[in-house]
Every structure is written in structure tokens, then in C-alpha cells.
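Peer 1: I am attaching a structure below and will ask some questions about it afterwards.
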Amino acid sequence: MPYSALSHLDCPRCGARHDADQVHGTCSCGSPLLARYDLDLVGVSPRDIAGRPPDLWRYHELLPVRAPGRVVSLGEGMTPLIALPRLGRALGVPNLLMKDEGLIPTGTFKARGAAVGISRAAELGVGSIAMPTNGNAGAAWSVYAARAGMRSLVVMPAAAPAITRAECVAAGAELYLVDGLIGDAGKLVAAAVARRPGYQDTSTLREPYRIEGKKTMGLEIAEQLGWRLPGVIVYPTGGGVGIIGIYKALRELLELGWVSGDLPRLVAVQAAGCAPIVRAFQAGAAASEPWKDPQTVAFGITVPNALGDFLILEALYATGGTAVAVTDEALLADQRTVARLEGSFICPEGAACVTAVRQLRESGWLSASDEVVVLNTGAGLIYPDTVPAEVPVLPPTGSIPVPDWGSG
Ligand SMILES: Cc1ncc(COP(=O)(O)O)c(C=O)c1O
Ligand SMILES: [Zn+2]
């Protein structure tokens, strides 16, 4: 029984088949490539999986790393899937759950893509990686590259969360800031890679394995529900790797027979200030148009032009899902609501999902009986400035006022 059942890479646009044991970027037609598995070689059952260590490598047959010794891990995966009963009641969706990716190395779900992407790149002999990022992915890939003994070159917008810069520097990445957006960073990286033999461009969906790491969010949700699928999964969508990955994972599980029934309706959430997928979905289009002047505090989803737009839209249409835009004002208010009602300080991207649930319940798209999983893709701690904490400063001799809670 092989450690990985990886068989080949295929192109979801032109159908071309590629050798998975060579280093690949995109297909010659420009599309991202997807890893395919020989599911007949998966000789385990959910019962066997249950006895494995609690990290994402428990699904190694469905991951691309061929040799167990090549796994580069910091213990990522099996994040909590927690009930949000008070928030759920307040929103009119009592069966509300949150997959909390704040509790993972580097504090965001980007650790999943980095762990699998770096492990597979190292296994294929890549010694150096280069990538543009909105911050979180750069931080994650830098630390996993460090753990693998690889060089990393990272370019991020100057406006990306400052802590991600520190993380890249601490891990020894070669880091540049660009006075622009992620697309500008991508152009700088592409030009640099062309002049640096040995560097692989690991931009979003420009290599096939980051998505394999991210799909484990879908595998875990199914396992944590007892190999059952929820009615709806709500995901903050930038480049879309997470939502494409979850869709891919759930289809693989159906094909394996580990789950049955309808796929969850998938919901892509974007910020009102950068919502190319929402606009395309509303037009019934198969692809999106670039968004001009993107702007949002939910920095991770500031992606005006996603390479995998057609794959995101296909996942939404195929599952009877939808796409929702939310304002910064509303998502920031919900970031505090979640902390107040449930004690969880989530990132603005995660908060956007909560606002989306609120809106979808108000519009009637969600009903009170729906079981809904929202993805909190990272820790609120990465974005300390999203919650203004203006509180009284007392002199050491000062006194704390006694609240008037009313005596009767
Ligand atoms: C916290 C956070 N949430 C969501 C996203 C969007 O990720 P995806 O590429 O999977 O759409 C990002 C990407 O940077 C992110 O950092
Ligand atoms: Zn192709």
C-alpha cells in the first residue's frame, strides 16, 4: 500500500495530463493543475484514520508526498470544529459551527498549504521557492521553508499585516515590500524567478500542491462530523484555494464512499471593496473580471483577479451555493460580536463569514434548520489594529469606579 495514492496531474481546462513526479507550474494552456489520485490504492478506512496522530498527515494517502521521510511538519491540522450556540441563536442559525484555523502553526490556515507544498517541492528536489503574498501565506511558506532547509523569496504589499513581515524575517526569508497589490508582487516574483535558476514560483495555484494541503480542511470537517457532511460551508475567498480545495476533498470522499449524500452548498464570501467572484456569480458568468481599486481591512481576501476564478465559480454552481459581499463595517462589528458571545477572537476574514451568515439568514437563503460551518481562517491576533482598544489609563493612586448595576 503506497504512502500516497498520487497518480498524475490534470488540467481542469484543457484536459491535458501531466507527470506528477516532475516539477510543474501551470498547464501550457495557463490553467492551474490539479493532483489526481488512484483511489483504488487507498487501502485504509475511516476507522484506520481515527487511530492516527491528530495532524493533516493522517490523510497521507490523499496527499502528494510519496515518502513519509519527506514530510515537513510543525504539527499542523486537526483544528477544532466548535459549536457557536450563542452566536447561532442570535443569528437565527442554531446549528452554527466554526472550524477555527487560528489554532495552527503561524496562526492561519496557510500553514496547511505551506506544509504540503514545501514537503512536495523538497521531495521533487526544489531548493528555493519564491512567492507573492498578502502576508499570511508568505509567513507560512517562510517558516516551512526554513524547517525544510530551503531558501525563500517573498514579496508582499507594504499594507500587509506587519506581523507577517516579522515572521518572514525571523525565518530568514529574503523579503521585499511592494508599494502596490498582490498582483504587482506577483509580477516582481515572476521576473525574479526567470533570472534565478533553481527557484520555483509557488504563487497561488501556480504550483499544484498548496491546494492539496488546504483541502484537508474539508477532510477534517467530514471526519469531525463523524464522516457526515454539513448543509453549508462558508469560506472567505481571495485566491480561492481553500474553497476549491474543500470542494475537491469532498468529491474525493464521495468517490471513496467515505461520505454520501449531497455536497454542502458552498458559499464564497468577499469584501464589498473587492468582490470579483460575487459580481461574476451574480452575472452567472464562468469567469470573473478584474476588480478595480480593491480596498478592505480583510487583507487576506484582497485578490482582484484570481487565477482559479473559474474553479471557484464551478464549485459554487455545482453545489447550489452562492457568493456574498460584506462591508468592512459589518465584518468588524461581527469580529467583536463573536469574541463577546463566544470568546473567540477571530480574524477579519473569518468575521466576514459570520456577517455573510447573518445576511443569508435575513434574506432567507439560510433557514433555521441548516447546519452551517464557517471557516475562521486565522487568529485575530495577527490584526491587532482591527479592534480599537481605547480604555482608561489610571495613575497608580487612582481608583476603579464601582459600576451601578442597580440594587433592585
Ligand atoms: C486569513 C485569510 N483568510 C482567507 C484568505 C483567502 O484564501 P484563499 O486563497 O484560500 O481564497 C487568506 C489569503 O491570504 C487569508 O490570509
Ligand atoms: Zn491545460
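Peer 1: Can you tell me which condition Thr204 does not meet? The list is (1) within 24 Å of Gly43 (Cβ to Cβ); (2) open to solvent by 10 Å² or more (accessible area, probe 1.4 Å); (3) among the polar types (S, T, N, Q), and all the others hold.
Peer 2: (1)
A quick yes/no check of all residues on (1) among the hydroxyl-bearing types (Ser, Thr, Tyr); (2) open to solvent by less than 40 Å² (accessible area, probe 1.4 Å); (3) assigned to a helix (DSSP H, G or I); (4) in contact (Cβ under 8 Å) with a residue 40 or more places away in the chain:
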site: Gln359; (1), (2), (3), (4): no, no, yes, no
site: Leu366; (1), (2), (3), (4): no, yes, no, yes
site: Ser369; (1), (2), (3), (4): yes, no, no, yes
site: Leu381; (1), (2), (3), (4): no, no, yes, yes
site: Asp385; (1), (2), (3), (4): no, no, yes, no
site: Ala389; (1), (2), (3), (4): no, no, no, no
site: Leu394; (1), (2), (3), (4): no, no, no, no
site: Val402; (1), (2), (3), (4): no, no, no, no
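Peer 1: Okay, next question. Starting from residues that are polar (S, T, N, Q) and surrounded by 20 or more Cβ atoms within 10 Å (Cβ to Cβ), keep the ones in the range 295-318 and report whichever is farthest from ligand 1 (Cβ to nearest atom). Can you show your working first?
Peer 2: To start, the set of residues in the range 295-318 that are polar (S, T, N, Q) comprises 295-296, 302, 305.
This time we only want the ones that are surrounded by 20 or more Cβ atoms within 10 Å (Cβ to Cβ), so: 296, 302.
Values: Thr296: 11, Thr302: 8 Å.
Selected residue: Thr296.
Peer 1: Any residue in the range 119-129 that is out of contact with any Leu (no Cβ under 6 Å at 6 or more places or on another chain), aliphatic (A, V, I, L, M) and free of Cβ contacts under 8 Å to residues at least 60 places away in the same chain?
Peer 2: yes
Peer 1: Go through the range 1-33 and give me each residue that's crowded, with 20+ Cβ neighbours inside 10 Å, within 14 Å of ligand 2 (Cβ to nearest atom) and among the aliphatic types (A, V, I, L, M).
Peer 2: Across the range 1-33, the qualifying residues are Leu9, Leu33.
Peer 1: Same structure, new question: Say whether the condition of being open to solvent by 60 Å² or more (accessible area, probe 1.4 Å), in contact with a helix residue (DSSP H, G or I) (Cβ under 6 Å, 6 or more places away or on another chain) and in contact (Cβ under 8 Å) with a residue 40 or more places away in the chain is met by at least one residue in the range 160-173.
Peer 2: There is at least one residue in the range 160-173 that is open to solvent by 60 Å² or more (accessible area, probe 1.4 Å), in contact with a helix residue (DSSP H, G or I) (Cβ under 6 Å, 6 or more places away or on another chain) and in contact (Cβ under 8 Å) with a residue 40 or more places away in the chain.
Peer 1: Filter the range 260-274 down to the residues that are in contact with a Pro (Cβ under 9 Å, 6 or more places away or on another chain) and of a type outside the set (S, T, N, Q), then identify the one that is most open to solvent (accessible area, probe 1.4 Å).
Peer 2: The qualifying residue most open to solvent (accessible area, probe 1.4 Å) is Gly273.
Peer 1: Moving on to the next point. Could you grab me the full set of residues in the range 256-292 that are in contact (Cβ under 8 Å) with a residue 60 or more places away in the chain and not aliphatic (A, V, I, L, M)? Let's see the steps before the verdict.
Peer 2: In the first step, residues of the range 256-292 are kept if they are in contact (Cβ under 8 Å) with a residue 60 or more places away in the chain; the result is 256, 258, 264, 267, 269-271.
Correct list: Trp258, Pro264, Gln270.
Peer 1: Arg147 passes all but one of (1) over 27 Å from Gly30 (Cα atoms); (2) part of a helix (DSSP H, G or I); (3) without any contact (Cβ under 8 Å) to a residue 40 or more places away in the chain; which number fails?
Peer 2: Failed condition: (3).
Peer 1: Would you check which residues across the range 169-218 are small (Gly, Ala, Ser) and farther than 30 Å from Glu252 by Cβ and list them?
Peer 2: Restricting attention to the range 169-218, the residues satisfying the condition of being small (Gly, Ala, Ser) are 170-173, 180, 183, 185-186, 190-192, 194, 198, 203, 213, 218.
Within the range 169-218, Ala170, Ala171, Gly172, Ala173, Gly180, Gly183, Ala185, Ala190, Ala191, Ala192, Ala194, Gly198 meet the criteria.
The values are calculated or read from the model by the stated rules, or taken from the named source; none is laboratory data. All of these numbers come straight from a predicted model, not from anything done at the bench. FYI the Cβ positions are ideal-geometry reconstructions off the backbone, even for glycines, and counts take in every protein chain you see. Each accessible area value is taken on the protein alone, full model and side chains, heavy atoms only, with ligands, DNA and RNA left out. Shrake-Rupley method; radii C 1.70, N 1.55, O 1.52, S 1.80 Å.
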